[in-house]
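All remarks here apply to the structure that follows.
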Amino acid sequence: MLNPTWNTQTWDTARYEQQHSFVWQYGESLLDLLSPQPGEQILDLGCGTGQLTEKIAARGAIAQGIDASPAMIERAQQSYPQLRFAVADARNFQVDVPLDAVFSNAVLHWIPEAEAVITCIRQALKPGGRFVAEFGGQGNVQGIVRALEQTLVAIASPQAPNPWYFPSIGEYTTCLEQQGFTVIYAALFDRPTPLESGTAGLANWLQMFASSFLSQLSASQQQQAIRQVEQQLRPSHFQNDTWIADYRRIRVIATLA
Ligand code: BEZ
């Protein structure tokens, strides 16, 4: 059984699926790195609404998904009733069957406690098991973060917590090696990411993913801050009626002896 223990941010799953489908669409290429084999036991760590869990299962693996958000898990279970999903904390989970692989797309940048996550992954894997992950790496959304921070200073907002963890390859692979993993692949690369919904794309993205920066503000101040961030980023991040987020990804494959 997976251990349901933790819940952080509340997610609007309908908006997530309608306006941010690029999250799992980009994740599909990570599946080729995972290369699920028929019959393998694979955990999708931070499965969100389950699209990639289902794609892992479609390749013949026995896939299950966990996520910290009850709303995400409820939606995943509704969409894919044939699969097993559970609410669980990536820093404190257990599995009842040893795994061939742990897969994670676009999640680990929300969890600064990398060591605790890696410990759980190590304990969940069989000897020879693999961990395949992609998330935001060092310098991810740097332009957006700078614009947000400058805007918050300009409107004299109290210091807002930055919820994101964007490690370098060196930092993250060292954590893996310290826990006995062999890192067989690691890459850090820019992936400029067009946001959905045209001119509203950046505002939607900020409201979905950067809400903790804005949480200290009233509703009207939040709108003001978003307009200022848009103004600051328009020359660099808006092209052909589309906002482009300056994503930089880290990808790793690590195996256990
Ligand atoms: C990312 O996928 O890199 C990301 C998503 C939300 C917030 C920050 C980064």
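Ranking Pro158, Ala106, Ser215 by how far each Cα lies toward the positive end of the dipole of the range 70-221 (charges on Cβ) leaves Ala106 at the top.
Site pair Ser79 and Gln224 shows an inter-label distance of 3.8 nm when each label is modelled 7 Å from Cα along Cα→Cβ. For the chain, modelled as a GNM whose springs connect Cα atoms under 10 angstrom apart, the maximal fluctuation among Asp246, Asp12, Asp96 occurs at Asp96. Given R0 = 22 Å, the distance between the Cβ atoms of Lys126 and Gln94 translates into a calculated FRET efficiency of 0.95. For the pair Gln216 and Gln178, label points projected 7 Å from Cα toward Cβ lie 3.0 nm apart. Helix 70-79 versus the longest principal axis of the chain: what is the Cα-based angle in degrees, 0 to 90, to the nearest 10? Taking the Cα atoms of the chain, the angle to 70-79 is about 60 degrees.
Going by average Cβ neighbours within 10 Å, how do the peptides 27-38, 101-112 rank, with the highest at the top?
Answer by packing, highest mean first, reads 101-112, 27-38.
Modelled label positions at Phe189 and Thr242, each set 7 Å beyond Cα in the direction of Cβ, lie 1.8 nm from each other. Report summary: the helix-based calculation at 222 nm, which adds -39500 (n - 2.57) for every DSSP H run with n ≥ 4 and divides by the residues of the chain, gives -12000 deg cm²/dmol.
Expressed as a whole percent, the accessible surface of the chain that belongs to carbon and sulfur atoms is 49, based on a 1.4 Å probe.
Given Cα pairs under 8 Å that are at least 6 residues apart, what percent is the relative contact order of the chain?
About 21 percent, as a whole number.
Just to confirm, what accessible area per residue do you get for the chain at 1.4 Å probe, in whole Å²? Heavy-atom accessible area per residue stands at 43 Å².
Dividing the Cα radius of gyration by the Kirkwood radius, what Rg/Rh value follows for the chain?
In the chain, Rg relative to Rh is 0.97.
The values are calculated or read from the model by the stated rules, or taken from the named source; none is laboratory data. Note that the structure is predicted; figures quoted are calculated from it, not measured. When we count neighbours, we look across all protein chains shown, and the Cβ atoms used for this are built from the backbone with ideal geometry, even at glycine. Side chains are part of the model used for accessible areas, which takes the heavy atoms of the whole protein and leaves out ligands, DNA and RNA. Shrake-Rupley method; radii C 1.70, N 1.55, O 1.52, S 1.80 Å.
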